[in-house]
Amino acid sequence: MDHFLLKRPQPVQSLVMLMTIDADSVTSLRHLVMRTCGTSVVYIRIQPITHATRMKVWLGLKAPASGLIMDAVMRHLPDAEFGQVTPG
């Protein structure tokens, strides 16, 4: 009797990318992220800091998208500051 082993697809690892941006850039960041790789975005969390002139942003992403997002943000929002990228 032949037995076939079916490999289950490995789950795609998700990451949480932390960054800080100017409050004026929130809409631009959201559009940029969704345009760059919207299907890989799990969530976007935004929290005001420093009297709401800056925003802390957590992007929950599927791992392959992290490089694309970082590149796009560095090109279009040069004042963005990147923090930790951790498994999510």
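Answer with yes or no whether Met70 is among the aliphatic types (A, V, I, L, M) and either in contact with a Pro (Cβ under 8 Å, 6 or more places away or on another chain) or farther than 19 Å from Ser14 by Cβ (or both).
No, not satisfied.
Name the residues in segment 26-65 that are of a type in the set (D, E, K, R), more than 17 Å from Gly83 (Cβ to Cβ) and out of contact with any helix residue (DSSP H, G or I) (no Cβ under 7 Å at 6 or more places or on another chain), would you?
Arg30, Arg35
Can you name the residue in segment 1-25 that is closer than 26 Å to Pro87 by Cβ and surrounded by 15 or more Cβ atoms within 10 Å (Cβ to Cβ) and is also modelled with the lowest pLDDT among such residues?
Only one residue tops the list, namely Ser14.
How many residues, within segment 38-88, are exposed (fewer than 12 other Cβ atoms within 10 Å of the Cβ) and assigned to a loop (DSSP other than H, G, I, E, B)?
Total satisfying the criteria: 6.
The values are calculated or read from the model by the stated rules, or taken from the named source; none is laboratory data. Computed from a prediction, not measured in an experiment: that's the story for all the values here. Every residue, glycine as well, gets a Cβ built from its backbone with ideal geometry; the counts of neighbours run over all protein chains shown.
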